[in-house]
Structure formats: C-alpha cells, structure tokens
Amino acid sequence: MPQLVRPGDGTTLLAQFSVDPARPLGQHRPVTTRAPRAVEFSLTEDDFADLSVFVFMRQMMRWRAPVLRRIALVIFLLLAVFEVFVRWQMGRPLVSFDDDLFVVAGVAFLVALPHLPRWFARWQFRGKGLAPLRAPRRLEISAAGIATQDGIGQGLTPWRSIRELVRTETALYLFVLKAQAHIVPRHAFASAAEFEAFVTDATFFRETAGAAAGISG
C-alpha cells in the first residue's frame, strides 16, 4: 500500500512498490516519485547569449589539451619560419611596421575572442528565425521527462535524451546535444530557494530514470 513519507528537506514523496514478475514476492524494490514541477518564463538575449558563451568557453578549455597546444605551437613556428624565408628571398626587411600592426591586430582579436560568441548570439536572437524562442514558454519536469510549450509548439524530451545537467550562476542547462540545451533561467523563479528546488527535482528525475533504465537493461 502506498505510503507518504517526508524526507529532511520537507518535500512530500510518494513511496510505492514496483512489481516485477521476474522477482519473487518480497524482493520488490520500493520506488520513490516526486510531483511534477512547472515554470513559466520568457527567454531574454542574455539567457541565449549566456548559453552560447558557456558552450564556447567549455570547448576552448578542451582545446587546451597538451597535444593540441603542441600542434598549434609547431604550426605557428612553421608559419613564422616560412614568413622569414619568403622575406629573405624577396629581399624585404625581416621586421617591418606591417609586422607590428599584425601583432596589434592579433592581440586585439584574442582580447575580443571571448566576447564574439555573445555578440553573435545577441544578433542571432533578435532575428526573425528565432522569433519563436522569444515567445512565452512553459516547461515542466516530471518522471516522464521535460514537457515544453512555447512559440514552436509542444514537445516532450525523455530523460534518457538528456546527456548532461549544468547549473551556472544564471541558469540551469539541460543538454540534449553538446551545444543545444533547454534553458531554465534563474530569473524565472521568485527566489533562489525555488530555483534550487527545481534543480534538485530535475537531478532526481534524471538519476531515477537512469537507474530504472539500468535495472531494466
């Protein structure tokens, strides 16, 4: 018979028994479920840009692997040697004012590089092609998955399709692909406690779905 239990965080959970015909009576494992949790909000330019910057910077961190650094260094040295050789063959000075401009332009590009994804994302978000993303939306998490209703339509993403959950200072990202995720911004909640409760429930639903898939497999 189902029982209501109250854990330490005050959340009311429904504990019931899963019946597996393959298991003898008395060996059925209790399954804990939680009530669905929904939130309504509208995405902003910053929400969309923050995700783009997060994906870009994480990819940049992965590119800093030692092997890739060495490859980039070798390529740079080869290009430098080739440039010096060409200048020597053509009788041009090995160092000129043009080189200084090139260095300044390179430094300016490296400084602006982290900001380029944000600028591009803001421009892209304002376009007609992403107008449905600017419409009010409703997102609900439950044991079945992530149900969405927005300017594009209605949909349900099962938890097995969520490859990663990432919480940042501005949002919760539920990644479907490496660079594509459901965005749940912090400003959608009235308080930090509500946001944390949403993150806790999302983590619980995903882990429970993963454990169930592992048992059934």
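The values are calculated or read from the model by the stated rules, or taken from the named source; none is laboratory data. Given the structure is predicted, the values throughout are model-derived calculations rather than measurements. When we count neighbours, we look across all protein chains shown, and the Cβ atoms used for this are built from the backbone with ideal geometry, even at glycine.
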For the range 158-176 the number of residues that are touching a Gly at 6+ places or on another chain (Cβ under 9 Å) and buried (at least 17 other Cβ atoms within 10 Å of the Cβ) is 2
Tell me, please, whether a residue that is at negative phi, within 17 Å of the chain's Cα centre (by Cα), surrounded by 13 or more Cβ atoms within 10 Å (Cβ to Cβ) and of a type in the set (Gly, Ala, Ser) can be found in the range 131-145. no
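Yes/no matrix, rows are residues, columns are (1) more than 30 Å from residue 181 (Cα to Cα); (2) part of a strand (DSSP E or B); (3) in contact with a Ser or Thr (Cβ under 9 Å, 6 or more places away or on another chain); (4) modelled with pLDDT under 70:
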{"site": "27", "(1), (2), (3), (4)": "yes, no, no, yes"}
{"site": "47", "(1), (2), (3), (4)": "no, no, yes, no"}
{"site": "52", "(1), (2), (3), (4)": "no, no, no, no"}
{"site": "64", "(1), (2), (3), (4)": "no, no, no, yes"}
{"site": "70", "(1), (2), (3), (4)": "yes, no, no, yes"}
{"site": "74", "(1), (2), (3), (4)": "yes, no, no, no"}
{"site": "80", "(1), (2), (3), (4)": "yes, no, no, no"}
{"site": "89", "(1), (2), (3), (4)": "yes, no, no, no"}
Across (1) of a type in the set (Ser, Thr, Tyr); (2) closer than 15 Å to residue 37 by Cβ; (3) at pLDDT 95 or above, residue 173 clears everything bar (2)
Which one of these does residue 158 not meet: (1) in contact with a helix residue (DSSP H, G or I) (Cβ under 9 Å, 6 or more places away or on another chain); (2) closer than 18 Å to residue 48 by Cβ? (2)
Considering only residues that are out of contact with any strand residue (DSSP E or B) (no Cβ under 8 Å at 6 or more places or on another chain), in a loop (DSSP other than H, G, I, E, B) and small (Gly, Ala, Ser), which ones fall in the range 126-155? 127, 135, 153
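Give the residue, chosen from 123, 119, that is loosely packed, with under 12 Cβ neighbours inside 10 Å, at pLDDT 90 or above and not in a strand (DSSP E or B).
Exactly one residue qualifies, and that residue is 123.
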